[in-house]
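To start, the structure itself, in structure tokens.
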Amino acid sequence: MRITFLGTAGAGGVPRYGCDCRACTRARADLAWQRLPCSALIEADGQRILLDAGLMDLHERFPAGTLDAIVLTHFHADHVQGLFHLRWGKGARIPVYAPPDAEGCADLYKHPGLLEFRPLRAFEPFTLGALRITPLPLNHSKPTFGYAIEATSSARFAYLTDTLGLPAQTEAFLAAWQADGLAIDCSSAPTEIPGNHNDWSRALASIQCVAPRHAWLTHIGHGLDSWLIEQPPELAPDIHIAHDGAIIEISAAVRSAPQPC
């Protein structure tokens, strides 16, 4: 299973408009440090699945017929804004899987164009080709799902944005599921007061409880990037900070009985 981090930013991106913090200044000077809206591309078993649609150039990045489906974590603008251009395209309809949210975002439901919205239910798996995907409830200000994705190779990857900690049922599911890879919300430094997103400490605590083989921190804000510049912490070798454009390969491992958190 191949994962491409297309964007790794929290709302506002990096650099943030009008900000001269160390992270934003660095990102303006060097494009490698810029962060676009949080999203990822999953490629496995002949399927290409887009997780979240906040990138504004989706209609240019993905020519017609190159995506099998779009899977949304939730309907906040920075996770769906790219759909507003994409929907007016021509060609085959694109299935868009999402949490059940009667409000959605603006008029996407009223004028979906070529988008075909399909609501999901928590803990009820669905299949895309040979991929088995389980929606997992997260703690956020709108109905939000993370996703546990399993390929026919038995490789397992979980994608968990946006969230503040993990609901008990979701945490228990993931601890038993034993992910080979996990990407999790880590929006702010431990010196900041978290809102509806993990800070550094909460993200690491969730990783410890879920115990994936490897973890990537994503949905990163400029404040966290500045803190990482000024006070770079030591990380375990199996925990990584995601960056835009990073490509990772997830393979299956032999699984043992999970240990309680």
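Structure values in brief
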{"quantity": "P100, sole failed condition from (1) within 15 Å of G7 (Cα to Cα); (2) surrounded by fewer than 16 Cβ atoms within 10 Å (Cβ to Cβ); (3) touching a Pro at 6+ places or on another chain (Cβ under 9 Å)", "calculated": "(1)"}
{"quantity": "Search result, residues across the range 179-202 that are under 29 Å from S154 (Cβ atoms) and assigned to a loop (DSSP other than H, G, I, E, B)", "calculated": "A179, D180, C186, N198"}
{"quantity": "Single residue of A176, A189, A172 found to be among the small types (G, A, S) and in contact with a Leu (Cβ under 6 Å, 6 or more places away or on another chain)", "calculated": "A189"}
{"quantity": "Any chance T66 is under 23 Å from L217 (Cβ atoms) and among the β-branched types (V, I, T)", "calculated": "no"}
{"quantity": "Criterion violated by N196 - all others in (1) under 16 Å from the mean Cα position of the chain (by Cα); (2) loosely packed, with under 15 Cβ neighbours inside 10 Å; (3) at pLDDT below 95 satisfied", "calculated": "(2)"}
{"quantity": "Single unsatisfied condition, D30 versus (1) out of contact with any helix residue (DSSP H, G or I) (no Cβ under 7 Å at 6 or more places or on another chain); (2) crowded, with 16+ Cβ neighbours inside 10 Å; (3) closer than 24 Å to W216 by Cα", "calculated": "(2)"}
{"quantity": "Any hit, the range 48-71, residues being touching a residue at least 24 places away in the same chain (Cβ under 8 Å) and polar (S, T, N, Q)", "calculated": "no"}
{"quantity": "Residues satisfying the stated conditions in the range 1-23, i.e. part of a strand (DSSP E or B) and either under 21 Å from Q81 (Cβ atoms) or touching a Leu at 6+ places or on another chain (Cβ under 6 Å) (or both)", "calculated": "T4, F5, L6, G7, A9, V14"}
{"quantity": "Some residue of the range 227-238 being of a type in the set (G, A, S) and either in contact with a helix residue (DSSP H, G or I) (Cβ under 8 Å, 6 or more places away or on another chain) or closer than 22 Å to L41 by Cα (or both)", "calculated": "no"}
{"quantity": "Residues (among the small types (G, A, S) and either at pLDDT below 95 or outside any loop (DSSP other than H, G, I, E, B) (or both)) located in the range 211-246", "calculated": "A215, G223, S226"}
{"quantity": "All positions within the range 123-177 that are among the polar types (S, T, N, Q), surrounded by 18 or more Cβ atoms within 10 Å (Cβ to Cβ) and not in a loop (DSSP other than H, G, I, E, B)", "calculated": "T134, T170"}
{"quantity": "Any chance L58 is touching a strand residue (DSSP E or B) at 6+ places or on another chain (Cβ under 7 Å), at negative phi and surrounded by 16 or more Cβ atoms within 10 Å (Cβ to Cβ)", "calculated": "no"}
{"quantity": "Long-range neighbours under 7 Å by Cβ, at least six apart or interchain, first residue closer than 18 Å to A179 by Cα and without any contact (Cβ under 8 Å) to a residue 24 or more places away in the chain within the range 121-136, second of a type outside the set (A, V, I, L, M) and not in a strand (DSSP E or B)", "calculated": "R132/P125"}
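The values are calculated or read from the model by the stated rules, or taken from the named source; none is laboratory data. Predicted, not measured: the structure shown is a model, and the values here were computed from it. Neighbour counts are summed over all protein chains in view; Cβ atoms, including those assigned to glycine, are modelled from backbone coordinates with ideal geometry.
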